[in-house]
1. For region 546-563, enumerate the residues that are touching a residue at least 60 places away in the same chain (Cβ under 8 Å) and either surrounded by 21 or more Cβ atoms within 10 Å (Cβ to Cβ) or not assigned by TED's automatic domain parsing to the domain that holds residue 444 (or both).
2. So, of the residues in region 569-584 that are farther than 25 Å from residue 453 by Cβ and free of Cβ contacts under 8 Å to residues at least 12 places away in the same chain, which turns out to be surrounded by the most Cβ atoms within 10 Å (Cβ to Cβ)?
3. Kindly establish whether residue 618 is outside the structural domain of residue 169 (by TED's automatic domain parsing), in a loop (DSSP other than H, G, I, E, B) and over 24 Å from the mean Cα position of the chain (by Cα).
4. Restricting to region 681-692, and then to whatever is out of contact with any helix residue (DSSP H, G or I) (no Cβ under 8 Å at 6 or more places or on another chain) and surrounded by fewer than 17 Cβ atoms within 10 Å (Cβ to Cβ), can you tell me which residue is nearest to residue 729 (Cα to Cα)?
5. What helices (runs of 4 or more DSSP H) completely inside region 650-706 contain at least 3 residues that are at pLDDT 85 or above?
6. Quick one: would you say residue 403 is in contact with a strand residue (DSSP E or B) (Cβ under 9 Å, 6 or more places away or on another chain), in the same structural domain as residue 252 (by TED's automatic domain parsing) and within 25 Å of residue 602 (Cα to Cα)?
7. If a residue has to be surrounded by fewer than 14 Cβ atoms within 10 Å (Cβ to Cβ) and either touching a strand residue (DSSP E or B) at 6+ places or on another chain (Cβ under 6 Å) or in a loop (DSSP other than H, G, I, E, B) (or both) to count, how many in region 109-132 make the cut?
8. Only one of these conditions is not met by residue 566: (1) at pLDDT 95 or above; (2) over 18 Å from residue 466 (Cβ atoms); (3) surrounded by 18 or more Cβ atoms within 10 Å (Cβ to Cβ). Which number is it?
């Protein structure tokens, strides 16, 4: 029957769905074109998106491909015949899309570079006759193919190679998302595809304000409530300003999470923007902020408002009514998204369809970067360039929120950009909210044991150190000293993410009650983790880290005029991240107890510190190689170079069972069993492993394979040594 239909001029794009219906090629091409045009319209490129959608599967019109589909459609296999060349060539030679044709060429395998595109089109292996046949067949059904009219390019994309490359990325995202949605709609049998009706920014804003008022009314009053109200009012006023770059500079505890959310929603409603994307640096903060926004925007608990998207969230194991979350996570088709900066920026700089299909959703979005000081310096310039392009060419607004605002604005990549400061006089705000005093413990240098003993003199204290070995040393002293009634806890990447979240929740409960608690942590505690200690000890670190650690001290301002105590100590034992060397040099120059030096919360000194730091590092250390690759439209090179997280550590699966969720561990164990049997597992199954992954130095992991302490199941490292209930992965236990 199908052979007869082909003889009569019927062309197919996909084989039959569950109902036995085959997907017409003309219908697929025109539907994808319409979707891609709609997506592209958000950034003034509807015509370009339409042509890419129309041409992406043009090669499927060739007789050989059609016959292959029939043969494979009966046995479920792949056709195995190229179908991208015809559309790619037509886009270059007939429609004037030039390098934008890379989107068609890569819509299955990923974006490449102009040289690879040229080599592909000039290869002697290309079947020109089949390509021409596909065009002739489809021209009978699609009039635009007979007399194509080249679509206009935005002027800014023609004149600026880096901006043109970003246009390619956004159009590629629009194309692959449109293609996936239309294909999924065919195989699911749902005409419009897996989408849900938007709530609307007006309704989201009403919910936010209503629930915020209820939250404030029910919360125990604090001495700093008036200043928090001022920050929120400033944020709402600033939301009326035109889209662009904004700075929210306010000390820790000033209510930045609510203020940033209020700004984003007011701004989105005022300017007709499509969504809010809230990005934070660490998973522990993502979980915390997502809960805050779910409580405010989804008080009925429907689970259909705030999309939390990062690698530690299982979006595939939801109740039936929450299935939208898995589908929306693939392309960010939601109005309020909480994610990580790694997910956000590595997606922008990726090259594969799976990673990039959500990127076009950033057009017309309010993008909030919380704890912006945590952006790694080695990718700083490409991150800022991408943000500038999203603002200037794709209708986005960017809000940078932090208690330690970096001074980006003198960098060449942001030349001419003037951000709007939300807080009119941050210096007075910091002075009014100053809740700690600093003490410097530099000479003679204390040992870590000295610091542990000094901290244990307090009923509640937090010690923040620079390495996991130092954290273990402090923990060991406390355990051996049997520190009275105090509960001792540890936080570091030696613990899997679920273990850390359980520990943080327990620490919060102890602090909320009458319990004594001593905590030692690496710097992961500094980026927005809501803990409130009367005393914090911080090992010498870059100025912004010291100030962020101070934000865990007297956070709620309950300690009266004297405030909390932050002790900055310079440990006798060596050891710190290599990335600290230059920032520490600048910190020692500007901050400390000596005459002429400042405290870490001196905003003028902090601004001078950032300016000096970026000047010392220079463009190469800030990621210039990524920008150079983008200028050449070399997408594989960009993807290779842009890594927010260093490859110096490897993830390992550990033996940890959550306190209140043993079922989560059982799901992870089933996935491991499948891997050990050599069976393939789906991406959604692999997500069950994420909560139980910790980190080890790559060199150590390689050495331990021979000792059978770390072994591989498929591509997965598994820790078979001791996993300490306090410390996590134990590299020194005699049990090994």
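1. 547, 548, 549, 550, 551, 552, 553, 554, 555
2. 581
3. Here the answer is no, as residue 618 does not meet what is asked.
4. Initially, region 681-692 is screened for residues out of contact with any helix residue (DSSP H, G or I) (no Cβ under 8 Å at 6 or more places or on another chain), giving 682-683, 687.
Checking the rest, the ones that are also surrounded by fewer than 17 Cβ atoms within 10 Å (Cβ to Cβ) come to 682-683.
Working: 682: 27, 683: 26 Å.
Taking the candidates together, the pick is 683.
5. Counting at least 3 such residues, we get 662-676.
6. Spelling it out, residue 403 is indeed in contact with a strand residue (DSSP E or B) (Cβ under 9 Å, 6 or more places away or on another chain), in the same structural domain as residue 252 (by TED's automatic domain parsing) and within 25 Å of residue 602 (Cα to Cα).
7. Counting residues in region 109-132 that are surrounded by fewer than 14 Cβ atoms within 10 Å (Cβ to Cβ) and either touching a strand residue (DSSP E or B) at 6+ places or on another chain (Cβ under 6 Å) or in a loop (DSSP other than H, G, I, E, B) (or both) gives 4.
8. If we test residue 566 against (1) at pLDDT 95 or above; (2) over 18 Å from residue 466 (Cβ atoms); (3) surrounded by 18 or more Cβ atoms within 10 Å (Cβ to Cβ), just (2) comes out false.
The values are calculated or read from the model by the stated rules, or taken from the named source; none is laboratory data. Since the model is a prediction, treat every value here as computed from it, not as a measurement. With ideal geometry, Cβ positions are generated from the backbone for all residues, glycine too; neighbour counts draw on all protein chains shown.
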